[in-house]
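Below you'll find the structure, written out as structure tokens, and then a few comments.
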Amino acid sequence: MKIKKPSLSFWQIWNMNIGFLGIQFSFGLQQTAINPIFSFLGASPDELPLLNLAGPVTGLLIQPIIGAVSDKTWLPKWGGRRKPFFLIGAILGSLSLLAFPFSPSLWFAVGLLWILDAANNTAMEPYRAFVGDKLPDSQLTYGYQMQSLFVGAGITIANFSLFLFQDWFSDPAETTDLFSTAAETVTSIPKWVYYSFFLGAFASISTILWSVIKTPEIPPSDDELHQLLKEKREHSFFQRATEPFTEIFSAIKDMPKFMWRLFAVYFFQWYALFIYWQFITPMLRKSLFGISNEDTEKFEGIMQAHKAGDIISSVDISFAQNIQLLSEQALAQTGLMNGTYNLVTMVVALALVPFAKKYGSKMVYVSSLFLAGIAMLVMPFIKDEYLLLLPMVLFGIGWAAMMGIPYAMVSKIIPEQRRGVYMGIVNMMIVIPMLIQTITFGFIIKNILNNNAVNAILFGGVFLIIAAFFGVRLNETVSNNKLEI
């Protein structure tokens, strides 16, 4: 039986969710800047999927475990049930963001990504459950769409910071310091990228602290607290350590049919989104700035020769400086585009709430997926940097729905006492497609898509359209806290 919870005011829901801004600032940098940094450090396009393995693996392992553990936690001195976990995640994430732009090599950056992604997942999953803990059913869609608003806000600021810092602080091609440092310490990560990571570190910890201070958790009832203490006394350390895994498998076994059908949608949706985040900058390098794979290989050859201490001709220096500048401009354009779609997400996130009430959550969600798919299909054919912002409007509407509506639909049908573990399972539905993408798409792009980032983005657009068709099967009929289909 669900506990009757009081309705919260706009500002209470705002304060509760503002910590999501910092978490999503960090994810925004992961979406936009991490893969270009990998490329700056020498990664080829077909290596990018596997280098992003940290995201799906840490999400698959950490989020459901943290969710199950937080369901069985009550630490009043440290904030309660969920807040200790997203505070720890914010601290570790901030430290990782401070260190990331100083990566001296590709594999050092890959290692830091694992730490950063683990920290972000530790913070994010309890936050999803936190909203469900606090709000009555009548406000769940509103609460999760407010969270979607802050998803848009955090990623918008992250991406616009990349665009603006490149404009304000980048060097002209002829003065770039690519060849001005010692050969053994040369790195092609632009200095202006550092500032976005520093800003992200500050945003991550400060916004989480705001939510921790401003929003109290609902304490467990006397019976719930007695049960928690009883389990702690009677269960051995080994039993307590393995209990989260047992709880995860049990929850999957009891999972409503609706969630299985949502998984079919999520497979194509998140596979496509991971393609977008990995290949939008490489696509722009090719479609907008005319950098071919051969140009990239020549650039890498020149940089390797410089690192080896060889003498580089003035022609090759000029070529490498120009490629570096165009690559930086592609990264900045990605920041502008991603910032635009997340700005749209901010604007439309709460506006989707009345549409969901009038036309149904499924209709809004399916329509938004279709619009996002159309956006990906037209991007590679637009050759003007400002006209490229038009499909991002459609993409932003899709992103607003993806980051709010499914969570509200799921939250209404799961048991209160298992909210954390089920929100973790929803995240498993996200990271399993991402894991499959990181393992399979390197082969696909290299052997089927001609190692062409333009073809990768088109492939992703088709997958979003397929996700929309599967979304039509998400019928909403709630009965006895289960969703019958």
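Every number here is computed from the coordinates shown, using simple stated rules; none is lab data. From a predicted model like this one, the values you see are computed outputs, not experimental measurements. Every residue, glycine among them, receives a Cβ derived from its backbone with ideal geometry; neighbour counts consider all protein chains shown.
Below are the figures for this structure:
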item	result
Label assignment, volume of the Cα convex hull per residue in Å³ derived from the structure, set [x] 142; [y] 172; [z] 164	[x]
Projected label distance in nm at LEU387 and SER138, using a 7 Å step from Cα toward the beta-carbon	5.0
Fewest-first ranking of THR246, THR345, THR156, using other Cβ atoms within 10 Å as the exposure measure	THR246, THR156, THR345
Residue-wise HN-Hα coupling along region 451-456, computed from phi with Karplus coefficients 6.51, -1.76, 1.60 (Hz; x: Gly, Pro)	6, 10, 5, 4, 5, 4
Two-site label geometry, VAL462 and LYS191: point separation in nm, points 7 Å out along Cα→Cβ	4.6
Cross-link table LYS214/LYS253; LYS83/LYS358; LYS83/LYS357; LYS83/LYS191; LYS257/LYS358, entries beyond 29 Å C-alpha to C-alpha	LYS214/LYS253; LYS83/LYS358; LYS83/LYS357; LYS83/LYS191
Mean Cβ neighbour count within 10 Å, used as a protection proxy, ranking 264-273, 53-62 highest first	264-273, 53-62
Karplus 3J(HN,Hα) series, Hz, for region 323-331 with 6.51 cos²θ - 1.76 cosθ + 1.60 (x for Gly, Pro)	4, 4, 5, 5, 5, 5, 5, 5, 5
Neighbour-count ranking [beta-carbon atoms within 10 angstrom, fewest first] of PHE163, PHE274	PHE163, PHE274
Order of SER250, SER39 under a 10 Å beta carbon neighbour criterion, fewest first	SER250, SER39
Order by protection proxy (mean Cβ within 10 Å, highest first), peptides 366-378, 287-299	366-378, 287-299
Burial order of peptide ranges 26-37, 189-200 (average beta-carbon count within 10 Å, highest first)	26-37, 189-200
Amide H contacts of LEU75 (H built 1.01 Å from N, under 5 Å, at least 5 apart or other chain)	GLY80, ARG81
Distribution of pairwise C-alpha distances over region 26-120, 10 Å bins, in %	15, 44, 26, 12, 3
In order through region 258-264: 3J(HN,Hα) via Karplus (6.51 cos²θ - 1.76 cosθ + 1.60), integer Hz, x for Gly, Pro	4, 5, 5, 6, 5, 4, 4
Within the chain, helix-based [θ] at 222 nm, where runs of 4 or more DSSP H residues each add -39,500 (n - 2.57), nearest 500	-24500 deg cm²/dmol
